[in-house]
Amino acid sequence: MSKGFTFIELIVVLVVGGIIVAIGAPALRATIQNNRITTQINDLHLTMSLARSEALKRGARITVCISADMDRCGPAGSWSTGWIVFVDDDENGSRAPGEPVIRGSSRLKGGNSLDISSNSDWIAFLSTGESIGDSGLGVFALCDDRGINRARGLVVRRTGSVRVTRDATEIGSCPS
């Protein structure tokens, strides 16, 4: 007599396994999305905090700008393309050759979108720790395909303080 599984037992195991995967897959996807959006907003928060800290430490203007190539500022528009932090010696909000890059972050993964309510293409921190933007300051909205209720925001104040928020009314709306 041989030992092993019958065809019926194999089918039952596959069906039960399929049901478990079907139930668990959406939860796994939501966990991955939650971790991704949390990581991305924390990276942005770290970037802004670093820029402010460097401005205070160096006694110089430090700018964070949209950057698709991790070298120059631009193209204007969405912060989702990435950003750089640099010493803005000429204080014009755009990186010139010779201005050192302190840190950069590349395009957001997962199709997430990031924009600021003021439509600023750059934010600078002054040697006093205060912040300014080319179109003012505001709230960054980081969104995925689940919309505003799962979005994260980063509030940048004129005083230079930055903080993360989950409050949909404070975030406003998700970029389209």
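Overview of values
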{"read-out": "Residues of region 69-90 classified as of a type outside the set (A, V, I, L, M, F, W, C), without any contact (Cβ under 8 Å) to a residue 24 or more places away in the chain and in contact with an Asp or Glu (Cβ under 8 Å, 6 or more places away or on another chain), total", "value": "1"}
{"read-out": "Pick from region 144-161, criterion under 25 Å from residue 59 (Cα atoms) and under 17 Å from the mean Cα position of the chain (by Cα), ranking: surrounded by the most Cβ atoms within 10 Å (Cβ to Cβ)", "value": "156"}
{"read-out": "Cβ pairs under 8 Å, 6+ apart, first in region 122-143 and surrounded by fewer than 20 Cβ atoms within 10 Å (Cβ to Cβ), second among the aromatic types (Phe, Trp, Tyr) and part of a strand (DSSP E or B)", "value": "134/122"}
{"read-out": "Which numbered condition residue 90 misses (of (1) exposed (fewer than 15 other Cβ atoms within 10 Å of the Cβ); (2) part of a helix (DSSP H, G or I))", "value": "(2)"}
{"read-out": "Residue that is farthest from residue 121 (Cα to Cα), among those in region 51-68 that are touching a helix residue (DSSP H, G or I) at 6+ places or on another chain (Cβ under 6 Å) and open to solvent by less than 50 Å² (accessible area, probe 1.4 Å)", "value": "62"}
{"read-out": "Cβ-Cβ under 7 Å pairs, at least 6 apart or on other chains, region 91-111 side more than 14 Å from residue 78 (Cβ to Cβ), far side part of a loop (DSSP other than H, G, I, E, B) and open to solvent by less than 50 Å² (accessible area, probe 1.4 Å)", "value": "91/61; 94/73; 95/73; 99/88; 110/144"}
{"read-out": "Within region 100-112, tally of residues that are of a type in the set (Ser, Thr, Tyr) and either surrounded by fewer than 18 Cβ atoms within 10 Å (Cβ to Cβ) or more than 19 Å from the chain's Cα centre (by Cα) (or both)", "value": "1"}
{"read-out": "Boolean, residue 77 is small (Gly, Ala, Ser), farther than 21 Å from residue 166 by Cβ and open to solvent by less than 60 Å² (accessible area, probe 1.4 Å)", "value": "yes"}
{"read-out": "Any hit, region 54-68, residues being touching a residue at least 24 places away in the same chain (Cβ under 8 Å), part of a loop (DSSP other than H, G, I, E, B) and closer than 17 Å to residue 114 by Cα", "value": "yes"}
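The values are calculated or read from the model by the stated rules, or taken from the named source; none is laboratory data. Computed from a prediction, not measured in an experiment: that's the story for all the values here. Positions of Cβ are generated from backbone atoms using ideal geometry, with glycine treated the same way; all protein chains shown enter the neighbour counts. When the accessible area is computed, the model is the full protein with side chains, heavy atoms only, and any ligands, DNA or RNA have been set aside. Shrake-Rupley method; radii C 1.70, N 1.55, O 1.52, S 1.80 Å.
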